[in-house]
Amino acid sequence: MRPWTPRLYFTMINIWHVYCEPCIKEIPQLNELTKKYAGVNFLSMTFNNSDQIEKIVAKNHPLFHQIPDAINFISKTGISYTPTSILIDKSGV
């Protein structure tokens, strides 16, 4: 896993849920994007806690950081469907 570097040009936040089959199926694609785009921070947030995501993470080996229990952040975005990805530029837009 690449170290977190907030000064890179873009950050992609992927929001997922353990019971969302498309969310889990896209992990290999997100891993490929992580390898391809070194100038992008990849970050994953989920409603679930660490115990709930443990098996999925162990099985799928995501190359991007996982933030469990992110329900407060996710609820403030108004996002209600998973998977959802958000691309944020260096200025925060």
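Values as computed for the structure displayed
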item	result
Output for segment 72-93, where each listed residue is in a loop (DSSP other than H, G, I, E, B) and among the charged types (D, E, K, R)	Lys90
Single unsatisfied condition, Asn31 versus (1) assigned to a loop (DSSP other than H, G, I, E, B); (2) touching a Pro at 6+ places or on another chain (Cβ under 8 Å); (3) surrounded by fewer than 18 Cβ atoms within 10 Å (Cβ to Cβ)	(1)
Residue check, Thr82 touching a Cys at 6+ places or on another chain (Cβ under 7 Å) and either in contact (Cβ under 8 Å) with a residue 24 or more places away in the chain or of a type in the set (Gly, Ala, Ser) (or both)	yes
Test: Ile86 is of a type in the set (Val, Ile, Thr) and surrounded by fewer than 15 Cβ atoms within 10 Å (Cβ to Cβ)	yes
Subset of segment 41-79 that is closer than 13 Å to Asn14 by Cα and among the small types (Gly, Ala, Ser) - its residue that is surrounded by the most Cβ atoms within 10 Å (Cβ to Cβ)	Ser44
Subset of segment 6-18 that is modelled with pLDDT under 95 and either assigned to a helix (DSSP H, G or I) or of a type in the set (Phe, Trp, Tyr) (or both) - its residue that is least open to solvent (accessible area, probe 1.4 Å)	Phe10
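The values are calculated or read from the model by the stated rules, or taken from the named source; none is laboratory data. Owing to the predicted nature of the structure, the values given are computational and were not obtained by experimental measurement. Every residue, glycine among them, receives a Cβ derived from its backbone with ideal geometry; neighbour counts consider all protein chains shown. Just the protein is used for accessible areas: all its heavy atoms, side chains included, with ligands, DNA and RNA removed. Shrake-Rupley method; radii C 1.70, N 1.55, O 1.52, S 1.80 Å.
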